[in-house]
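Engineer: I have a structure here, written as structure tokens, and I will follow up with some questions on it.
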Amino acid sequence: MTAAAERQARQDRQRVAFFNDPRVRSAVVQAALLAAVAWCAWIIIGNTIQNLQRSNIASGFDFIDTTAGFSLSFTLIPYSETSSYGRAIMVGFLNTLLVASTGIFAATMLGFLIGIMRLSRNWVISTIATIYIEFVRNIPLLLQIFIWYTAVLKPLPGPREAPELGLPYPSWGMALFLPLLAIGVYVLIRGYRMLPNSTGARVVLSLGFVLWLVMMWFLLNGLGLSVVEFVPMGMYLSNRGILIPEPIFEAGSQVALFAFLIALVGAWLVRRWAIKRQFDTGQQFPHVLTGLGLIVGLPLLALLLAGWPIGVEMPELRGFNFVGGANLVPEFTALFLALSIYTAAFIAEIVRAGIQAVSHGQTEAAYALGFRRGLTLRLVVIPQALRIIIPPLASQFLNLTKNSSLAVAIGYPDLVAAGGTVLNQTGQAIEIVMIWMTVYLSLSLLTSAFMNWYNSRMRLVER
Amino acid sequence: MVDMPRHDRGWVRTSDAPDKPAPGNVAGPMGWISDNLVPTWWHGLLSIAGFLFLAWVAWGVIEWGILKAAWTGEDREACMASVEGACWAYVGAKFHQFMYGFYPFSQRWRVDIVYVIGLAALVPMLIPSLPYKRENALFLLIVYPLIVLILLTGGDFDISLAVFMFVATLVGIAAVALPIASQGIEAAVRNDRLPLMLAAGGLVLWVVSWFVPPMWISIGFTTVPVLRLVVFVLFAAAAALSIAVTASRGGPGSRSAIASWVIVAVAAFATLGLLSVDFGLSTVRTDQWGGLMVTLVVAITGIVVSLPLGILLALGRRSDMPIVRLLSVIFIEIWRGVPLITVLFMSSVMLPLFLPEGVTFDKLLRALIGVALFASAYMAEVIRGGLQAIPKGQYEAASALGLSYWRSMLLIVLPQALKIVIPGIVNTFIGLFKDTTLVSIIGIFDLLGIVNASFADPNWASPQTAPTGYFFAALVFWIFCFAMSRYSIFMEDRLHTGHKR
């Protein structure tokens, strides 16, 4: 750099006044903002300390060891009125986890089903899915929770009048019905094959098949040969909850758990071996079916060998309420149903968008390679769709977890409801809110950490 | 081209395959049925099952809602007569409550006027081909909330002297900034040194006044600390001088700066004046509000506040300044990470703790603050998406034209970014509208809250009261949300131009 240029540069620097220097400006702006925020925080903290002193509330987490003195309607761990506040909050946290995890599972299943239905080429099926989505998504979740709780589950009959549900069980008529069904299906399929071009004939055939089945069903029942019979299964629908038989695991039933773990490892080994063999020789092995058989069969076999150490406790009406069995309280059921049905509508849209986002050329290329429809979906479309589906899916899971806090409206003791009761009794607003925020914020930060990890792993590797 | 070799292998055809029959119905209604209802035997069965299911549901709704419903009646007797149908008589009896809550009957015309003005301004706003969008937006975002506030509460607030002085101070500070606004900071420092130095002196004295013990002096009607009085005089002089020099200089920059300042000042004082004027409307406290009216008030407040706040937060999150960025990120992530119900609990139990003794907030106002902050965090993320979608060249071109940060944002980036994210914004509105139902949990009677409360009325206690009430509420919410989602799709189609490849 020549001396002249250097002088010029120095002059240029000097010509800019200090208040026009972007660095000075940004430093001033940031300092001012920080000062304003600090000032607000200072005032808020000061006020809070004064207010707490005036109402004689000692801040700090000492209160969690104090006896709670209130009962909770639904607990997963032992809890009574003599338990501590900390225990009550723990019960709430576990209840949140329970409803969130079961809700996420059900919402994912239902959401994928509805999303795939929405893409069906069958107009009726896709219309049903569209109607479901448009209705469920546009009605507030809280209202849906109330509908399930107040309008559906609470008006159920009391324990004394509650009907016992039956399990459909094939009866003697089934022996005649199945061949008739087979004949119907055969005629239907032959008819469709023989009449590829006649729409009217296909419609008539389909209607005729359904009519045939209905007629045969009623005919057999009319002849006294019932096709199915309902066997009482010890399940009751009452306004105290849905009562179901509770399995009692007696001593020795742990073998099932061991067998299950062994089966998992075995299934994984079989899968590895099958994939390697297909790579080496091109021969396929039905490793999915084998694995499933292992996972289901091995624990059952172990239980059989151990002499079936599983008892069942049936719910029994005694006095005005049920004794024994497992009770799904209406609060849980309403929250679970509303959360999973509501979230499923959003998941369905995510699934539809994800599958549609996979370019049609991919499907065509797979067909051109000779893949069948099922294989195309499984090996080409779904892996690519998942890349698009999973990030918004994770945020829906998070939404469901956060929405489970609406439990407080119907008295299901989740984290917010249990914490709210503690808050009302102790007045420890700041501590309780801190607990809430810690739990929900860490859940959401974990989710976003997972999504970042997933996105970086799944990013398309491009040139 | 070479001759095709002769094939003598068994699997190679030597003659043409037989012609397939011409395809049947490929067009028209029969073709549609063939493709969409009975393409295979399996789909044929699915279609029939689906039709039966749809018919079953539709028949159930029609039977419950129309055929077996009780339409008229004075009390629960009407609905006990047919316990298998909806009890519309109950909705009819409670309709006004569902719409207005416990708003005094004689004053309900005020709510109706609010609805009419709102609709009259909103409809032309939503139709893209109509002109005066900017004026309309200003009306909806600034004037209309003021009208709503005065009409619904009755106005006649006692604005304390402190608030008045605060606004006057802000207007004065804006006046001091006039020379800078009209000619840029460098020229202002060069040309109008005197007012700026007066203001700077005032600022220094103001800071000093916090640290020295006050000396009180009596001026006619009140006593003030002497130092504060000096600060006030200095600022007033600086403001007056600034106005004078800017006005005397002339030129388009000065004129527009003066004009904007006058408009802002007049608007600020007019707002204060309008709020404190007694229009003769009787006061209606917010605990008398209820029903759809409160739902709309909460939703619209959330929308009006969250849009500008969301823009600021989104800009902050994309700022070059690390502290600004950090504060924005913390704010956004905290609000987005927690459920709205905890935010509402916080606003109802923690906000009173934060305020000095004696200052209390209206319950509805506390909920409004919670909802608005919560919605701004979500809005910020939507708008950030739009900002990220703007090509970098647009930012660079704005800088190359010499536009300042705020000008390049307001004139170049935001108009494009907001246009892209209109569907996202509408979706946030839909979410916000549904979320307003949560205020019923903290004891505010929005539509859902008032429907729930009406079940306690023994006059209308019947098995069908709750289902009918919820059905009605669901219908109202559905109509609003569905209309918004259709509008968002319409705008998406309309805006599907330009940047899209």
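The numbers here are math on the coordinates, done by the rules we state, and not lab data. Note that the structure is a prediction, hence the values are computed from the model and not measured. All Cβ positions, even for glycine, are placed from backbone atoms using ideal geometry, and neighbour counts span all protein chains on display.
Engineer: Between rounded, prolate and oblate, where does chain B land on the alpha carbon gyration tensor, with a ≥ b ≥ c its root eigenvalues, rounded for a/c under 1.5, else prolate if a/b exceeds b/c? Mind showing how you got there, number by number?
Structural biologist: Values: a/c = 2.87, a/b = 1.42, b/c = 2.02.
Here chain B falls in the oblate category.
Engineer: So, one more: When a footprinting reagent is the concern and you count Cβ atoms within 10 Å, what order do B:SER319, B:SER106, A:SER340 take, fewest first?
Structural biologist: Values: B:SER319 18, B:SER106 8, A:SER340 22.
The fewest-first ordering by Cβ neighbours comes to B:SER106, B:SER319, A:SER340.
Engineer: For the pairs A:LYS402/B:LYS68; B:LYS94/B:LYS133; B:LYS392/B:LYS434; B:LYS363/B:LYS434; A:LYS402/B:LYS94; A:LYS154/B:LYS363, note any where the Cα-Cα span goes beyond 29 Å. Working shown, then result.
Structural biologist: Numbers: A:LYS402/B:LYS68 39 Å; B:LYS94/B:LYS133 38 Å; B:LYS392/B:LYS434 36 Å; B:LYS363/B:LYS434 20 Å; A:LYS402/B:LYS94 33 Å; A:LYS154/B:LYS363 31 Å.
Going by Cα-Cα distance, A:LYS402/B:LYS68; B:LYS94/B:LYS133; B:LYS392/B:LYS434; A:LYS402/B:LYS94; A:LYS154/B:LYS363 fall outside the 29 Å limit.
Engineer: I've got another one for you. If you count, for each residue, the other Cβ atoms within 10 Å and average over each peptide, how do B:210-218, B:197-205 line up from highest to lowest? Provide the component values of the computation, followed by the final result.
Structural biologist: On the way: B:210-218: 9.6, B:197-205: 17.0.
Put in order of decreasing packing, that is B:197-205, B:210-218.
Engineer: Between exposed GluC sites (Glu not before Pro) in chain B, where DSSP calls loop and at most 14 other Cβ atoms lie within 10 Å, what's the longest gap?
Structural biologist: Working: sites that count: B:GLU74, B:GLU84, B:GLU357.
That gives B:85-356 as the longest site-free run.
Engineer: Label-point separation (nm) for B:ARG228 and B:HIS96, each offset 7 Å from Cα along Cα-to-Cβ?
Structural biologist: Each label point is offset 7 Å from its Cα along the Cβ direction, giving 5.0 nm.
Engineer: I've got another one for you. Place a point 7 Å from Cα of B:ALA162 in the direction of its Cβ. Which residues in the range B:356-370 have their backbone N less than 11 Å from it?
Structural biologist: B:356-360
Engineer: Given 25 °C and 0.890 mPa s, how large is the Stokes-Einstein diffusion coefficient of the protein assembly as shown in µm²/s, with Rh as the Kirkwood radius over Cα pairs?
Structural biologist: 71 µm²/s
Engineer: Through the Karplus equation 6.51 cos²θ - 1.76 cosθ + 1.60, θ set to phi - 60°, convert the phi angles of the range B:229-237 into ³J(HN,Hα) values in whole Hz; use x for Gly and Pro.
Structural biologist: Karplus values, whole Hz, x for Gly and Pro: 5, 4, 4, 4, 5, 4, 5, 4, 5.
Engineer: Under 5 Å between amide hydrogens, which residues at least 5 positions from A:GLU229 or on another chain qualify, with H placed 1.01 Å from N in the peptide plane?
Structural biologist: Hits under the 5 Å cutoff: A:TYR169, A:SER171.
Engineer: From the phi of every residue in the range A:92-101, what ³J(HN,Hα) in whole Hz does the Karplus formula 6.51 cos²θ - 1.76 cosθ + 1.60 yield, where θ is phi - 60° and glycine or proline is x?
Structural biologist: Karplus values, whole Hz, x for Gly and Pro: x, 4, 5, 4, 4, 4, 4, 5, 5, 6.
Engineer: Now for a different question. Averaged over A:195-207, how many beta carbons belonging to a partner chain fall within 10 Å of each residue's beta carbon?
Structural biologist: Values: counts 1, 5, 8, 4, 13, 6, 2, 10, 8, 1, 3, 10, 3.
Other-chain Cβ atoms within 10 Å of each residue's Cβ, averaged: 6.
Engineer: Using only DSSP helix segments of four residues or longer, with each worth -39500 (n - 2.57), what per-residue ellipticity at 222 nm results for the protein assembly as shown after dividing by its residue count and rounding to 500?
Structural biologist: On the way: 37 runs with 626 residues, N = 964.
Result for the protein assembly as shown, helices only: -22000 deg cm²/dmol.
Engineer: Related question: Over the range B:423-462, with a single point scatterer placed on each C-alpha, what log10 of the ratio I(q)/I(0) does the Debye formula yield at q = 0.16 1/Å?
Structural biologist: So the normalised log intensities work out to -0.51.
Engineer: State, as an integer percentage, the relative contact order of the range B:161-276 based on alpha-carbon contacts under 8 Å between residues 6 or more apart. It would help to have the intermediate numbers written out before the result.
Structural biologist: Details: 100 pairs, mean separation 42.2, N = 116.
Relative contact order here is 36 percent.
Engineer: With θ taken as phi - 60° and the coefficients 6.51, -1.76 and 1.60, list the Karplus ³J(HN,Hα) couplings across the range A:114-119 in order, rounded to whole Hz; mark glycine and proline as x.
Structural biologist: 5, x, 6, 4, 5, 8
Engineer: Continuing with this model, one more query. Set the Förster distance to 30 Å, then compute FRET efficiency between A:LEU207 and B:LYS20 from the Cβ-Cβ distance, nearest 0.05.
Structural biologist: Values: r = 27 Å, r/R0 = 0.91.
The formula returns an efficiency of 0.65 here.
Engineer: Sort A:GLU229, A:GLU6 by Cβ crowding within 10 Å, fewest neighbours at the top. Mind showing how you got there, number by number?
Structural biologist: On the way: A:GLU229 14, A:GLU6 10.
Result, fewest neighbours first: A:GLU6, A:GLU229.
Engineer: With only Lys, Arg, Asp and Glu charged, each at its Cβ (+1 for the first two, -1 for the last two), find how big the charge dipole of chain B is about the Cα centre; round to the nearest 20 debye.
Structural biologist: Working: 32 positive and 29 negative charges, 313 e Å.
So the dipole magnitude of chain B works out to roughly 1500 debye.
Engineer: Related question: Let me make sure I get this right: for the range B:311-451, a, b and c are the square roots of the gyration tensor eigenvalues over alpha carbons, sorted descending. Under 1.5 in a/c it's rounded, otherwise prolate if a/b > b/c, else oblate. Which is it? If you can, show how the numbers build up before the last one.
Structural biologist: Details: a/c = 2.97, a/b = 1.90, b/c = 1.57.
Since a/c reaches 1.5 and a/b is larger than b/c, the shape of the range B:311-451 is classed as prolate.
Engineer: Okay, next question. Counting Lys and Arg as +1 and Asp and Glu as -1, what is the net charge of the other residues whose Cβ lies under 15 Å from the Cβ of B:ALA453? Intermediate results must be reported in sequence, preceding the final value.
Structural biologist: Details: positive: B:LYS94; negative: B:ASP287, B:ASP446, B:ASP457.
Here the count lands on -2.
Engineer: So, one more: Taking 0.36 nm per residue of separation and subtracting the Cα-Cα distance, what length does fully extending B:VAL264 through B:SER404 add? All intermediate terms of the calculation are to be shown ahead of the outcome.
Structural biologist: Working: separation 140, 0.36 × 140 = 50.40 nm, distance 2.18 nm.
Between B:VAL264 and B:SER404, full extension yields 48.2 nm more.
Engineer: So, one more: Restricting to Cα atoms and excluding each atom paired with itself, what does the Kirkwood estimate give for the range A:364-446 in Å? Walk me through the intermediate numbers first.
Structural biologist: Working: mean 1/r = 0.0619 Å⁻¹.
About 16.2 Å, per the Kirkwood formula over Cα pairs.
Engineer: Kirkwood-based Rg over Rh for the range B:216-332 (C-alpha set), two decimals?
Structural biologist: Values: Rg = 22.1 Å, Rh = 20.0 Å.
So for the range B:216-332, dividing Rg by the Kirkwood Rh gives 1.11.
Engineer: Under 20 °C and 1.002 mPa s, how fast does the range A:246-313 diffuse according to Stokes-Einstein, given a Kirkwood radius computed over C-alpha pairs? Answer in µm²/s, whole number. Provide the component values of the computation, followed by the final result.
Structural biologist: Working: Rh = 13.2 Å.
Stokes-Einstein gives a translational diffusion coefficient of 162 µm²/s.
Engineer: Another one. As a footprinting exposure proxy, order A:ILE44, B:ILE332 by other Cβ within 10 Å, with the fewest listed first. Show your work: numbers first, answer last.
Structural biologist: Details: A:ILE44 15, B:ILE332 22.
With the fewest neighbours first, A:ILE44, B:ILE332 line up as A:ILE44, B:ILE332.
Engineer: In addition: Within the range A:270-311, what residues put their amide N at less than 11 Å from the label point 7 Å along the Cα-to-Cβ vector of A:LEU261?
Structural biologist: Those under the cut-off are none; the list is empty.
Engineer: Once a ≥ b ≥ c are taken as the square roots of the eigenvalues of the Cα gyration tensor of chain A, is the result rounded (a/c under 1.5), prolate (a/b larger than b/c) or oblate (a/b not larger than b/c)? Provide the component values of the computation, followed by the final result.
Structural biologist: Working: a/c = 2.12, a/b = 1.32, b/c = 1.61.
Verdict is oblate for chain A.
Engineer: For the pair B:ASP287/B:ALA453, report the inter-label distance in nm, with labels modelled 7 Å from Cα in the Cβ direction.
Structural biologist: Calculated label separation equals 1.0 nm.
Engineer: Counting pairs of alpha carbon atoms under 8 Å apart in space and at least six apart in sequence, what relative contact order in percent does chain B give?
Structural biologist: Once divided by the residue count of chain B, the mean separation gives 17 percent.
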